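Working notes for the structure below.
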Amino acid sequence: MIRQASLPPIAVIGAGFSGTMAALQLLSALPPDRPVLLCERGGSFARGLAYGTGNPAHLLNVRAANMSAFPDRPGHFEDWLARSGLGGVGAAGGVVRTPAGTFVARGHYGSYLSELLTGAVTGPGTPRLQLVNDAVVDLEPRAGGYLLRTEGGQTHRIAGAVLAMGNLAAAAPKSRHSLDPWIPENFGRLHPHAPVLVVGTGLTMLDTVASLRAHGFSGAILALSRRGLLPNAHTPAGTWPAPDLTPADFASLPRLLARLRAEVARARVAGIGWHGVIDALRPLTDTIWRGLPAAEQARFLRHLRPFWDVHRHRTAPPAAATIADEIGRGSLTVRAGRLLAIEDEAAQALVTLRFRGAKRTERLAVQAMIDATGFGHLAESRDPLLRRLSEQGLVRPGPFGLGLDAGTDYRAIGTGLGEGGGPLWIIGPLLRGVLWECMAVPDIRNEAAELAGLVAAHCDRAVAA
Ligand SMILES: Cc1cc2nc3c(=O)[nH]c(=O)nc-3n(C[C@H](O)[C@H](O)[C@H](O)COP(=O)(O)OP(=O)(O)OC[C@H]3O[C@@H](n4cnc5c(N)ncnc54)[C@H](O)[C@@H]3O)c2cc1C
């Protein structure tokens, strides 16, 4: 309940990690008379897509030491872990200590975030944070702000909004035998032995295999992607200084690659693996991405992205070991290739595949297909709010059709049609394309703090005008 508030709130739409941290940072940055509305359509706040799982095999793929929610309090999550009593529970309880660091069940991380949010709603002083548990379906421009409408019929006058809605969902499934990797409860309906196809071989595939096994599926899984590459596992940390790159180094992709290969060779001589060099690039990645000419960015997306992804987005060693064991036993096959066609039959789908390097296609019968490729595009989004914002010209696709377009100040860039509304900001994976590192906690926590400062400065100017 908002009390003693005189100014229209800033709404944050989506309460996964991005929205939760944007809301908490806004509470610190905005003056006391500016409330914050945090809207979430799902059953729980703060956990989002990643941290709602109760499967202890779903581990964080980032070391606990780097999972603080706050950029200026690096040990915050580890301290919480120790205080919560979970720090000592061990692998069965979802805290796995490895030579590469401690990896914690994602559900525990969700509890950490929930606690942070609860503290803000019930903390001392007038709570300025209002939680709205409903899907936002429209933002109608009104006198320099918006009228926010929810699916359940609520309306709220707001001054501006932060879109924190996570990745654009994948396009509509192409078969009635498709299953959503984010609704693993449905895996319990599968025949325990008939084969399953997973499209994608990245981190989502690893999760999907763990979910299939947790739901009693013991049959064969074929995982297929363009290159058939699996995520690398984390290794014991070896740190390497950020390379001293100049704009000339990232004027062309071959030059940048040559420069990085030289850096890896130097690190190796010093006893540090490529992991250290990739990690050292992290604070520079967005500068590099923005500095690459558009043609070079397109080349990166066409040829290098799968290789970058498996080096940069690494997995917890226990998750990598489970997958290696599945492959060793023949229960999981990982292949490079393309899915060419799908024919639905009553109880199965016939899929036509061409494995990489093969001249002939192959047809396989699978009981289900699970799309673990990750992202969708604005044009194919079925989300009512994004469709409305797009129709009104308030948002448009980001570079190369990835995510949504925005400026360096996180302000959404539309087609110019939508007039008369307030500012719209964007945070998190929706910025993919504008930024390159906007998907994981260590990046989003920085963005949330920076964004809150920019929103506060905007609100100050608006009040003074
Ligand atoms: C399976 C998985 C594992 C991951 N593991 C890690 C990890 O270990 N470490 C790490 O750093 N990163 C990890 N990530 C990256 C992850 O993307 C970020 O850490 C972060 O969780 C992104 O959160 P988000 O809030 O941007 O998106 P999401 O978690 O997708 O949250 C978006 C929220 O918006 C809500 N929403 C959408 N539209 C509306 C609407 N119209 N109205 C109201 N609500 C709406 C959704 O219901 C959802 O709760 C993982 C990602 C996934 C998918």
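Quick one: what pairs do we get from segment 76-102, first residue free of Cβ contacts under 8 Å to residues at least 60 places away in the same chain, second surrounded by 15 or more Cβ atoms within 10 Å (Cβ to Cβ) and acidic (Asp, Glu), C-beta under 9 Å, 6+ apart or different chains?
Pairs found: Gly87/Glu78; Thr102/Glu78.
What are the residues in segment 237-252 that are open to solvent by less than 40 Å² (accessible area, probe 1.4 Å) and among the aliphatic types (A, V, I, L, M), if any? Explain how you work it out, then say what you get.
Step one: filter segment 237-252 for residues open to solvent by less than 40 Å² (accessible area, probe 1.4 Å), giving 238, 243, 245, 249-250, 252.
Once the filter is applied, which keeps residues that are open to solvent by less than 40 Å² (accessible area, probe 1.4 Å) and among the aliphatic types (A, V, I, L, M), segment 237-252 yields only Leu245.
With respect to the numbered conditions (1) more than 14 Å from the ligand (Cβ to nearest atom); (2) at negative phi; (3) open to solvent by 40 Å² or more (accessible area, probe 1.4 Å), which one is the sole condition not fulfilled by Gly85?
(2)
Filter segment 349-397 down to residues that are in a loop (DSSP other than H, G, I, E, B) and in contact with a Lys or Arg (Cβ under 7 Å, 6 or more places away or on another chain) and give me whichever is modelled with the lowest pLDDT.
Across segment 349-397, the extreme among qualifying residues is Ser381.
Would you pick out the residues in segment 430-465 that are within 18 Å of Ser390 (Cα to Cα) and modelled with pLDDT of 95 or more?
Correct list: Leu430, Leu431.
Evaluate the following for Thr204: is it open to solvent by less than 20 Å² (accessible area, probe 1.4 Å) and not assigned by TED's automatic domain parsing to the domain that holds Phe300?
no
Output the number of the condition that Val137 fails; it satisfies all remaining conditions of (1) of a type in the set (A, V, I, L, M); (2) open to solvent by 60 Å² or more (accessible area, probe 1.4 Å); (3) within 14 Å of the ligand (Cβ to nearest atom).
It fails just one condition, (2).
If the Cβ limit is 6 Å and pairs must be 6+ apart or interchain, which residue in segment 381-400 that is touching a residue at least 24 places away in the same chain (Cβ under 8 Å) pairs with which residue that is assigned to a strand (DSSP E or B) and within 10 Å of the ligand (Cβ to nearest atom)?
Qualifying pairs under 6 Å: Pro384/Val137; Leu385/Val136; Leu385/Val137; Arg388/Asp138.
I'm trying to understand the selection: among the residues of segment 305-339, which are more than 20 Å from the chain's Cα centre (by Cα) and within 15 Å of Arg227 (Cα to Cα)?
Residues satisfying the conditions are Thr333, Val334, Arg335, Ala336, Gly337, Arg338, Leu339.
May I ask you to list pairs of residues, at least six apart or on different chains, whose Cβ atoms are under 9 Å apart, with the first in segment 215-243 being assigned to a strand (DSSP E or B) and the second being charged (D, E, K, R) and open to solvent by 30 Å² or more (accessible area, probe 1.4 Å)?
Leu222/Arg335; Ala223/Arg335; Leu224/Arg335; Leu224/Arg338; Ser225/Arg335
Being surrounded by 21 or more Cβ atoms within 10 Å (Cβ to Cβ), away from the ligand (no atom under 11 Å from the Cβ) and assigned to a helix (DSSP H, G or I) is the filter here, so list the residues in segment 419-458 that pass it.
Hits for segment 419-458 are Leu451, Ala452, Val455.
Would you mind stating whether Ala262 is touching a Phe, Trp or Tyr at 6+ places or on another chain (Cβ under 7 Å), among the small types (Gly, Ala, Ser), over 16 Å from Arg314 (Cα atoms) and without any contact (Cβ under 8 Å) to a residue 60 or more places away in the chain? So that I can check it myself, show each step before the final result.
Values: touching a Phe, Trp or Tyr at 6+ places or on another chain (Cβ under 7 Å): no; among the small types (Gly, Ala, Ser): yes; over 16 Å from Arg314 (Cα atoms): yes; without any contact (Cβ under 8 Å) to a residue 60 or more places away in the chain: yes.
No: the conditions fail for Ala262.
Is it fair to say Gly19 is touching a residue at least 60 places away in the same chain (Cβ under 8 Å), near the ligand (Cβ under 7 Å from one of its atoms) and under 19 Å from the mean Cα position of the chain (by Cα)?
Judged against the criteria, Gly19 is a match.
Quick check, is Gly416 farther than 30 Å from Tyr112 by Cβ and in contact with a Gly (Cβ under 7 Å, 6 or more places away or on another chain)?
Answer is yes for this residue.
If a residue has to be within 8 Å of the ligand (Cβ to nearest atom) and crowded, with 24+ Cβ neighbours inside 10 Å to count, how many in segment 22-44 make the cut?
Qualifying residue count for the region: 2.
Which residues, counting only those in segment 298-316, are open to solvent by 20 Å² or more (accessible area, probe 1.4 Å) and either touching a Gly at 6+ places or on another chain (Cβ under 9 Å) or β-branched (Val, Ile, Thr) (or both)?
Answer for segment 298-316, where residues must be open to solvent by 20 Å² or more (accessible area, probe 1.4 Å) and either touching a Gly at 6+ places or on another chain (Cβ under 9 Å) or β-branched (Val, Ile, Thr) (or both): Pro306, Asp309, His313.
The values are calculated or read from the model by the stated rules, or taken from the named source; none is laboratory data. Quick caveat, the model's predicted, so the values are computed rather than measured. Virtual Cβ from ideal backbone geometry, glycine too; neighbours counted across all protein chains shown. What goes into the accessible areas is simple: the full protein's heavy atoms, side chains included, and nothing from ligands, DNA or RNA. Shrake-Rupley method; radii C 1.70, N 1.55, O 1.52, S 1.80 Å.
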